[in-house]
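> Quick one: the structure is below, questions incoming.
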Amino acid sequence: MGAWERPFCGGLRAADVGRRVELVGWVRRRRNLGGIVFVDLRDREGWAQVLLRDALREAGEKLSQEDVIRVIGTVAARSADTVNSDMPTGEIEVIAEEVELLTAAETPPFVVEDRVNASEELRLRYRYLDLRRPEMMATLVLRDQITFAIREYFHGMGFIEVETPILTRSTPEGARDFLVPARLAPGSFYALPQSPQLFKQLLQVAGLGRYVQIARCFRDEALRAERQLEFTQVDIEASFVEEEDIYALIEGLFAKVFPIVGITPPAAFPRLSWADAMERFGSDKPDMRFGMELVELGEVARGCAFEVLRAAAATGRVKGLVVPGGTAFSRKQLDELSEFAKPFGVPGVLWFRKTADGYGSPAKKALGDEGIAAFLAAAGAGDGDLLVVVGGVPKVVFAALGALRVELGGRLGLVRQGSHAFLWVTDFPLFEWDDETHRYYSVNHPFTAPKAQDVANLESDPGAVRARAYDVVMDGVELGGGSIRIHDSVLQQRAFAVLGIDEAQAKHRFGFLLDAFRYGAPPHGGLALGLDRLVMLMAGRDSIRDVIAFPKTTSGNCLLTDAPNTVDDAQLEELRLRVDVSRSAPNGS
RNA sequence: GGGGUCGUAGUUCAGUUGGUUAGAACGCCGGCCUGUCACGCCGGAGGUCGCGAGUUCGAGUCUCGUCGACCCCGCCA
């Protein structure tokens, strides 16, 4: 039997009964009953029970976990009382006629089973064993189905996949670059791309029109549960398009991809401006699977008798969150709310409530019952509701309340199982002021186009200029984002000017792009989706590492290969590099 | 860069106020068992308590340092 005709162990069904088959796989488990031996033979698709008896009994007794074997046998129906309805192959078993041990396996460091919870550290060190687990293998298979569907969709829409360089030039703005020393140009470095941004725009100038790439991106920044040093984007760019075209494109993509896991997104996603998202949810990626929106308390705070809130309302913002059933929180739980909020830069949270014992709040002394009642009324808090209040710098108030909302929403079980919420967040600000360096930074990147009606304010009020940028959000996770780009070199120069990049600097950093734009740049725009996050959500996992075959740890180590590692002096010499690790790094992580 | 949690048998964990020989389950090894499917039963082996200092008559337990894993803040245009 040829390798390609051989069935998968996990694919055998009642319809195969009577077939004489050759199976290869790993011994998942052996059950030796003395006279007969059962072996669960596992491959990529699952496992099937093999029965060894008579002359094969002795051979079966010698098999152990993870041995690689070849079996020739006949698929037989199990008798009614021995059918195992818990497994897909449970109606059949393979009566072995020949068994061959192809490779004996040492006892693995952990049992290759879904329900065995080995530590992630161990799983990463022996990733090839971890991936052997059905759950992990199924995730690899799902990822393939998703990427295949994505390519199929874009191909059908007339998009062309083009590979862009991995060795490219360092760009000053944005994340920290990974650098690669250039042996042929001592003292010079390539950088790994943070994204193919500039190349996909150049492809539009070239006239490609519709570009897509499943592209690896690299950012030398701190890692998180949903972040890796290298990750994959579905990178998209198209010419002669506007926001609506991009929205329709992505909604169409999701309509094709999400049904793979039984999720049907709406035909068109709701939209929310960035300003509304912040005001109502305290987040630019709101989880809209539940309500509990932020409430405005600036007015009542301004007139109240509590100095702290009055001051916050005068110089910043005072907003709150009405927590249904929150009056039942214990003192300890209320204190924990403050502890939760503090890392976001607020001194703590205030709370207000009315219980059978009367009005309660840490600010009761200053406000009295009337003052507390005024806050509860302004927030629209009803019986049993707890009002949580934060005041201060707008950015911090939004961040703290936005995080509290998600935390409490989860804790109170406000998200209905199996529900999903897709949306577009639009009208992001184009620039953000940085107090430390006293200059504006691009919220997206310097090539994002301003909204036409705001272009006039570019120089007079940069902070108020809105961008033609958009993010697609699902269940509180940013799946992707993009923008319509500037294709006019004069407008581009004005945007650079706001960022403090003069003509000489612009020429030095992005000269090749500006040059390109002088030779006929089409209006264009695009978007990039985080493929790892997309697969993570679709697989129902909560760590990006679970959907990447060989991920790195949160300190950037590959436990399997032990990368990064030191290199020979000869290699360094060839690159004209000298290493000095005696001093700690000047800044950053 | 900052904060937090964790590190004990191959694995997942327990380990009392600092006190005799550090336990359990699974896995592993040996034996028995012809319908199991987390097979069962009997027996057995297996420990640098992450590493290094310190306190103490005595440290898995307390202190400091260090390494590693995970989570969060900053950071990630």
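The values are calculated or read from the model by the stated rules, or taken from the named source; none is laboratory data. Nothing here was measured: the structure is a model prediction, and the numbers come from that model. Backbone-built Cβ (ideal geometry, glycine too); neighbour counts: all protein chains shown. In case anyone asks, the SASA skips ligands and DNA or RNA and just uses the protein heavy atoms, side chains included. Shrake-Rupley method; radii C 1.70, N 1.55, O 1.52, S 1.80 Å.
> What are the residue pairs meeting all of these: first residue in segment A:1-12, first residue more than 9 Å from A:Asp43 (Cα to Cα), second residue of a type in the set (D, E, K, R) and open to solvent by 30 Å² or more (accessible area, probe 1.4 Å), Cβ atoms under 6 Å, and 6 or more apart or on different chains?
Pairs that qualify, where the first residue is more than 9 Å from A:Asp43 (Cα to Cα) and the partner is of a type in the set (D, E, K, R) and open to solvent by 30 Å² or more (accessible area, probe 1.4 Å), are A:Gly11/A:Glu45.
> For the condition outside any helix (DSSP H, G or I), in contact with a helix residue (DSSP H, G or I) (Cβ under 7 Å, 6 or more places away or on another chain) and buried (at least 20 other Cβ atoms within 10 Å of the Cβ), what is the one hit in A:Gly384, A:Gly391, A:Gly402?
Unique residue meeting the criteria: A:Gly391.
> Here is a list: A:Arg439, A:Arg466. Which entry is basic (Lys, Arg) and within 14 Å of RNA strand B (Cβ to nearest atom)?
A:Arg439
> Only one of (1) in a helix (DSSP H, G or I); (2) touching a Phe, Trp or Tyr at 6+ places or on another chain (Cβ under 6 Å); (3) open to solvent by 40 Å² or more (accessible area, probe 1.4 Å) fails for A:Glu244. Which number is that?
(2)
> May I ask you to say which residue of A:Gly25, A:Gly18, A:Gly2 is away from RNA strand B (no atom under 13 Å from the Cβ) and modelled with pLDDT under 95?
A:Gly2
> Related question: Please find, within segment A:40-80, the residue that is most open to solvent (accessible area, probe 1.4 Å) out of those that are touching a residue at least 60 places away in the same chain (Cβ under 8 Å) and among the aliphatic types (A, V, I, L, M).
A:Ala77
> Of the residues A:Ser460, A:Ser419, which single one is more than 16 Å from RNA strand B (Cβ to nearest atom), under 24 Å from the mean Cα position of the chain (by Cα) and loosely packed, with under 15 Cβ neighbours inside 10 Å?
The unique qualifying residue is A:Ser419.
> Still on this structure, I have one more. Looking at segment A:248-273, which of its residues are more than 20 Å from the chain's Cα centre (by Cα) and in a helix (DSSP H, G or I)?
A:Ala248, A:Leu249, A:Gly252
> Considering every residue within segment A:167-180, establish whether at least one is outside any helix (DSSP H, G or I), closer than 29 Å to A:Ala506 by Cα, of a type in the set (Phe, Trp, Tyr) and open to solvent by less than 40 Å² (accessible area, probe 1.4 Å).
No, the conditions are met nowhere in segment A:167-180.
> If a residue has to be within 17 Å of A:Phe306 (Cα to Cα) and open to solvent by 80 Å² or more (accessible area, probe 1.4 Å) to count, how many in segment A:342-363 make the cut?
Residues that pass the stated criteria total 1.
> Look at segment A:105-119 and say how many of its residues are near RNA strand B (Cβ under 10 Å from one of its atoms) and either open to solvent by 60 Å² or more (accessible area, probe 1.4 Å) or β-branched (Val, Ile, Thr) (or both).
Total satisfying the criteria: 8.
> Something else: Go through segment A:258-295 and count every residue that is surrounded by fewer than 18 Cβ atoms within 10 Å (Cβ to Cβ) and of a type in the set (Ser, Thr, Tyr).
2
> Sticking with this one: Checking the structure you have, find out if any residue of segment A:124-131 is open to solvent by less than 50 Å² (accessible area, probe 1.4 Å) and within 10 Å of RNA strand B (Cβ to nearest atom).
Checking segment A:124-131: at least one residue is open to solvent by less than 50 Å² (accessible area, probe 1.4 Å) and within 10 Å of RNA strand B (Cβ to nearest atom).
> With the requirement that a residue be within 11 Å of RNA strand B (Cβ to nearest atom) and touching a Phe, Trp or Tyr at 6+ places or on another chain (Cβ under 9 Å), what does segment A:390-405 give you?
A:Val396, A:Phe398, A:Ala399, A:Ala400, A:Gly402, A:Ala403
> Just give me the residues in segment A:141-187 being within 16 Å of RNA strand B (Cβ to nearest atom), among the small types (Gly, Ala, Ser) and touching a residue at least 40 places away in the same chain (Cβ under 8 Å), in sequence order.
Selection gives A:Gly174, A:Ala175.
> Which numbered condition trips up A:Ala570, out of (1) in a loop (DSSP other than H, G, I, E, B); (2) without any contact (Cβ under 8 Å) to a residue 40 or more places away in the chain?
(1)
> Looking only at segment A:9-28, count every residue that is surrounded by fewer than 18 Cβ atoms within 10 Å (Cβ to Cβ) and closer than 18 Å to A:Asn84 by Cβ and tell me the total.
5
> Okay, moving on. So A:Gly409 ticks every box in (1) more than 14 Å from RNA strand B (Cβ to nearest atom); (2) open to solvent by less than 40 Å² (accessible area, probe 1.4 Å); (3) in a helix (DSSP H, G or I); (4) over 30 Å from A:Ala267 (Cα atoms) but one. Which box is left unticked?
Against the list (1) more than 14 Å from RNA strand B (Cβ to nearest atom); (2) open to solvent by less than 40 Å² (accessible area, probe 1.4 Å); (3) in a helix (DSSP H, G or I); (4) over 30 Å from A:Ala267 (Cα atoms), A:Gly409 comes up short only on (4).
> Which residue pairs have Cβ atoms under 9 Å apart, sit 6 or more places apart or on different chains, and have a first residue in segment A:229-253 that is farther than 30 Å from A:Asn557 by Cα and a second that is at pLDDT below 95 and in a strand (DSSP E or B)?
none
> Note down all Cβ pairs under 9 Å where the first residue falls in segment A:501-516 and is over 20 Å from A:Tyr440 (Cα atoms), the second is part of a loop (DSSP other than H, G, I, E, B), and they're at least six residues apart or on different chains.
Listed by first residue and then by second, the contacts come to A:Phe512/A:Arg169; A:Leu513/A:Phe447.
> Suppose we keep only residues that are of a type in the set (Gly, Ala, Ser) and open to solvent by less than 10 Å² (accessible area, probe 1.4 Å) within segment A:470-510. Which one would you say is nearest to A:Phe290 (Cα to Cα)?
A:Gly480
> Also, I was wondering about something else. Looking at (1) open to solvent by less than 30 Å² (accessible area, probe 1.4 Å); (2) more than 11 Å from RNA strand B (Cβ to nearest atom), find the lone condition where A:Val94 falls short.
(2)
> Residues of segment A:516-552 being among the aliphatic types (A, V, I, L, M) and part of a loop (DSSP other than H, G, I, E, B), which ones?
A:Ala521, A:Ile548, A:Ala549
> Taking interchain pairs and intrachain pairs at least six residues apart, which have beta carbon atoms under 7 angstrom, with the first residue in segment A:329-341 and buried (at least 18 other Cβ atoms within 10 Å of the Cβ) and the second assigned to a helix (DSSP H, G or I)?
Qualifying pairs under 7 Å: A:Leu337/A:Leu404; A:Ala341/A:Ala400; A:Ala341/A:Leu404.
> Take A:Thr566 and decide whether it is under 32 Å from the mean Cα position of the chain (by Cα), within 16 Å of RNA strand B (Cβ to nearest atom), β-branched (Val, Ile, Thr) and at pLDDT 95 or above.
Taking the combined requirement at face value, the residue does not satisfy it.
> Please go through segment A:224-238 and pick out each residue that is more than 6 Å from RNA strand B (Cβ to nearest atom) and either at pLDDT 95 or above or assigned to a strand (DSSP E or B) (or both).
A:Gln228, A:Leu229, A:Glu230, A:Phe231, A:Thr232, A:Gln233, A:Val234, A:Asp235, A:Ile236, A:Glu237, A:Ala238
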